[in-house]
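The structure appears right after this line, and notes come after that.
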Amino acid sequence: MPKTQTLSESAPKGTADPSGAAPPANRWWILSIVGIAQLMVVLDATIVNIALPSAQADLGFTDGNRQWIVTAYALAFASLLLLGGRIADLFGRKPAFLVGVAGFAGASVLGGMANSFGMLVTARALQGVFGALLAPAALSLLNTTFTDAKERAKAFSVYGAIAGAGGAVGLLLGGVLTDALDWRWTLYVNLVFAVVAFAGGWVLLSNRRDAANSKLDLPGALLVSAGLFSVVYGFSNAETHDWGSPQTWGFLVAAGVLLTVFTWWQTRAAHPLLPMRVLLNRTRAASFIAVLVTGAGMFGVFLFLTYYLQLNLGFSPTKTGVAFLPMMAALMIMAQVSTTVLVPRIGPKIIIPTGFALAAVAMVWLTGIGVDSDFSTAVLPPLLVMGAGLGIVMPPAMALATSGVAAADAGVASATVNTMQQVGGSIGTALLNTLAASAATSYLAGKDPADKLVRAQSTIESYTTAFWWSAGFFAAGALITFLLYHRGVAEQDPDAAPVVHM
């Protein structure tokens, strides 16, 4: 018999609902509302990227300032996620969800109306602030609404598919809106999602404060927010400066110090922001790492493949978005299969590393692209393999990262998942951009940069270098998760605090 892994934790007493009441009848409607809200947050990380050239031409900001449209969102979102998750635990998931949705919509309107660079950056930062409240509330709502193992697997397959495919949806939607209307509609479109999510949340959700007897850990909130800000800011500076710049390594060193002090404080605080019981579970730790690695490696697909399709193959923004649809389809199919069939029967130790291995194979396959490659033979097949690999990894990893968490910790555990994905993305973007730029420079050494073919080949070198490193990220993810996950199927320990219903 394979060893059975459990997800028990030393949960505080009184955090679970002992009544064993039936799950809410409207739980599948709740999943729909949560999914819409999550899609709004996830696609916003990429939907604006395609519109940046148009926004730059309209508002007249420089190439150097362009990155701040993306970075402002990432900084606010990543640094405040844990605080947002704990607020949802303390004050209720329904108000956190509704305020997050409404605030995100308001910030989107502000961005769409922007008449200056400063106004657009401010709007993007506010999107990040309210997204940091919304995202963990949404995920914790799933965690506390779906308590049956089979239903939970189905719910997380949907949620994980949205989290994985949302970036591609953003590219498609951003391309269509920019081509058909105007770059401002990449922000205004959030109103459509927000109205549906807010109305549904107002009607369907009931409020419950599972950590109402706790207090907000202000020192912990300041330490972790500053630490996460420094991580993202440091890696963002690596793209515009070099790794030897004090603005890069200085912030990364500060991040290490702040997060170390935060960890020390969490072991001593009376009401810790991130209780160590959430992290000190082997299965959960492996799942957090899986989400981190996936966030880092995915940018090798979305970022550099977008460049390749548009700059080298001449795809329009809309056609570029359409090109990612097969990957999204493969991801959604395998998300369902992995969470409802494979992991429940075999366990994560084999399945999740296999997904990482498929993703690594896909990235190696993509290194074969050339200046005049055909999309249907050189890009489409590895995209399908990539979608399958990510579909196998992301949904079950997200489900296992929050499974068995006491109700009082559901929000902060969900926030940790989002934080890992965001920090992974920031690390991946900085590392891959730097490595790709170095590869292009090395290729051009001793060659005529005025030659169009030479320049085109230098971009291919930069892309394939990024793909090789992404493959390395995924291979490392396969090894780490294989070593960390227990053998067998994860089962909820009967002595663990059960998850409560909304």
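Bear in mind these aren't lab numbers, they're just calculated from the coordinates by the rules spelled out. Values in this document were obtained by computation on a predicted structure and should not be read as measured data. In this analysis, Cβ positions are derived from the backbone assuming ideal geometry, glycine residues included, and neighbour counts consider all displayed protein chains.
A simple charge model with +1 on the Cβ of Lys and Arg, -1 on the Cβ of Asp and Glu and nothing else charged puts the dipole of the chain at about 1000 debye relative to its Cα centre.
Pairs of Cα atoms in segment 109-166 fall into 10 Å distance bins, from 0 up to the last occupied one, in shares of 21, 33, 24, 16, 6, 0 percent.
Beyond a 26 Å Cα-Cα separation, which of these cross-linked pairs lie in this structure: Lys319/Lys452; Lys154/Lys319; Lys150/Lys319? Where the Cα-Cα span goes over 26 Å, the pairs concerned are Lys154/Lys319; Lys150/Lys319. Across segment 341-457, the fraction of Cα-Cα pairs farther apart than 16 Å, rounded to a whole number, is 74%.
For segment 395-449, the average shadow cast by the Cα convex hull is 5.0 nm², which is a quarter of the hull's surface.
Please give the helix 452-484 orientation as an angle from the longest Cα principal axis of the chain, in degrees from 0 to 90, rounded to the nearest 10. So the helix axis and the longest Cα principal axis differ by about 20 degrees.
Sorted largest first, the spans of the alpha carbon positions of segment 410-487 along the three principal axes are 57, 28, 14 Å.
Within 10 Å, count the other beta carbons around each residue, average over each peptide in 249-255, 262-268, 417-423, and list them highest first.
Packing order, densest peptide first, comes out as 417-423, 249-255, 262-268.
For the chain, the longest principal axis of the Cα atoms and the long axis of helix 27-59 meet at an angle of about 30 degrees.
Given 0.36 nm per residue, what is the gain on full extension from Ile346 to Ile333 after removing their alpha carbon distance, in nm?
Values: separation 13, 0.36 × 13 = 4.68 nm, distance 1.81 nm.
My answer for the length gained is 2.9 nm.
Remark: segment 217-272 projects, on average over all directions, an area of 3.3 nm² (convex hull of Cα atoms). Taken over the alpha carbons of segment 289-384 as equal point scatterers, the Debye sum produces base-10 log I(q)/I(0) values at 0.17 Å⁻¹ of -0.81.
Compactness of the chain is given as radius of gyration and Dmax, 21.8, 75 Å, from Cα positions. So how tilted is helix 251-266 from the main axis of the chain? Cα-based, degrees 0 to 90, rounded to 10. The angle comes out at about 10 degrees.
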